[in-house]
1. Please go through the stretch 30-46 and pick out each residue that is of a type in the set (Val, Ile, Thr) and either open to solvent by 60 Å² or more (accessible area, probe 1.4 Å) or modelled with pLDDT under 90 (or both).
2. In the stretch 6-24, which residue that is aliphatic (A, V, I, L, M) and within 30 Å of residue 68 (Cβ to Cβ) is most open to solvent (accessible area, probe 1.4 Å)?
3. Here are the criteria: (1) modelled with pLDDT of 95 or more; (2) assigned to a loop (DSSP other than H, G, I, E, B). Tell me which single one residue 49 does not satisfy.
4. Any residue at all in the stretch 74-88 that's touching a residue at least 24 places away in the same chain (Cβ under 8 Å) and exposed (fewer than 10 other Cβ atoms within 10 Å of the Cβ)?
5. State which residue is most open to solvent (accessible area, probe 1.4 Å) when the search covers only the stretch 52-69 and only residues that are farther than 16 Å from residue 19 by Cβ, in contact with a Ser or Thr (Cβ under 7 Å, 6 or more places away or on another chain) and in a loop (DSSP other than H, G, I, E, B).
6. With respect to residue 27, determine if the residue is at pLDDT below 90 and open to solvent by 80 Å² or more (accessible area, probe 1.4 Å).
Amino acid sequence: MPTIIDTFFPPTANEMFPKGKEAGAHIHNGSWGSIVNCYCGRTPGFDAYSYENDDFLIFMAAGNKGSLGSGTVLAPAVGKNVVAGEHHIICSL
């Protein structure tokens, strides 16, 4: 039976990425992130998996706070072997 932690947190890199790779995927898109700007949580595992599998590319959402300035890219998008992207709209009312 899954715990409440299992319900809210995605699987680790070694639980998630090999399944996609075995199915023929070489790109992972993660449109989720954490609420912290740190090299922590899932980030080290994402980096390690990407480094050890150079034919597998991980894209992650950078976060939704870019308009607040520096320090707003959130884990795991802060990984050095992860491609991070964000969309930002500036509008005047």
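The values are calculated or read from the model by the stated rules, or taken from the named source; none is laboratory data. Treat the numbers as computed from the prediction; the structure is a model and nothing was measured. Reconstructed Cβ throughout: ideal geometry from the backbone, glycine too, with neighbour counts over all protein chains shown. Quick note on the areas: whole protein, heavy atoms, side chains included, nothing else; ligands and nucleic acids left out. Shrake-Rupley method; radii C 1.70, N 1.55, O 1.52, S 1.80 Å.
1. 35, 36, listed by residue number.
2. Out of the qualifying residues, it is 16.
3. Only one criterion is unmet by residue 49, namely (2).
4. Applying the first criterion (touching a residue at least 24 places away in the same chain (Cβ under 8 Å)) to the stretch 74-88 yields 74-86.
If we keep only those that are exposed (fewer than 10 other Cβ atoms within 10 Å of the Cβ) as well, we get none.
No - not one qualifying residue is present in the stretch 74-88.
5. Per the criteria, the residue is 65.
6. Taking the combined requirement at face value, the residue does not satisfy it.
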